[in-house]
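The values are calculated or read from the model by the stated rules, or taken from the named source; none is laboratory data. Every value quoted in this text rests on a predicted model; they were computed, and no experiment measured them. Cβ atoms come from the backbone with ideal geometry, glycine included; neighbour counts cover every protein chain shown. The accessibility values were calculated without ligands, DNA or RNA, using every heavy atom of the protein model including side chains. Shrake-Rupley method; radii C 1.70, N 1.55, O 1.52, S 1.80 Å.
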Amino acid sequence: GLRIVKSFNYTSGALDSKLNEEVNKLCDACFDGLNDDFNTAVSIAALFNLLKKINSFYTRSLDLGALDQATFDKMKKTYLDLVETVLGLSEEKNEGTEIFISGLIEVYQYAKANKEYDKV
């Protein structure tokens with residue numbers, strides 16, 4: 001999600017006022033839980049609903065250009081602020097996976113050659 005949202009750039013298109021209203025409500029809902037005694041369960045549920053909408057933009061089943069600049073900015077800022085700043089989550093980098101995979105292959109080959117199948 002983070003990489004997708006960070007890659008979004010604003011493009012104008014045929015505005016859809018209903019979609020703009022819906023995205024704004026989803027963004028506002030993300031903060032409802034935080035404003036209610038820091039109820040993260042409510043905020044995470046709302047964030048998940050916002051992410052479903054973001055995925056629809058990513059898969060192009062919804063046109064990102066249908067949002068006005070303010071709604072686009074609010075959607076992007078809401079998602080990034082909640083995920084990175086409030087929840088402290090970051091995207092893992094897949095560094096060193098080749099070494100890990102080659103190590104697993106060596107263990108597998110050794111176990112197979114020595115008929116130690118319980119180690120695989």
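Between SER56 and VAL86, the contour length at 0.36 nm per residue exceeds the alpha carbon distance by 8.4 nm. For volume of the Cα convex hull per residue in Å³, several values are listed as (i) 104; (ii) 95; (iii) 151; flag the one computed from this structure. Here volume of the Cα convex hull per residue in Å³ agrees with entry (iii). Along the axis of the charge dipole computed for the chain (Cβ charges of +1 for Lys and Arg, -1 for Asp and Glu, origin at the Cα centre), the listed residues LEU67, TYR108, LEU80 are led at the positive end by TYR108. The angle between the Cα long axis of helix 40-58 and the longest principal axis of the Cα atoms of the chain comes to about 90 degrees, rounded to the nearest 10.
Charges were assigned to the Cβ only: +1 to each Lys and Arg, -1 to each Asp and Glu. The resulting dipole of the chain about its Cα centre is roughly 400 debye.
Solvent-accessible surface of the chain, taken per residue with a 1.4 Å probe and all protein chains present: 69 Å².
Helical runs assigned H by DSSP (4 residues or longer) give the chain a calculated mean residue ellipticity at 222 nm of -20000 deg cm²/dmol, each run adding -39500 (n - 2.57) before division by the residue total. When only the Cβ of Lys, Arg, Asp and Glu is charged (+1, +1, -1, -1), the dipole of segment 12-71 relative to its Cα centre reaches about 300 debye. Surface composition of the chain: carbon and sulfur atoms hold 54% of the protein heavy-atom accessible area at a 1.4 Å probe.
In this simple spin-label approximation, GLU98 and ASP28 carry label points 7 Å from Cα along the Cα→Cβ vector, and these lie 5.1 nm apart.
Over segment 15-83, the Kirkwood radius and the radius of gyration, each from Cα atoms, give a ratio Rg/Rh of 0.98.
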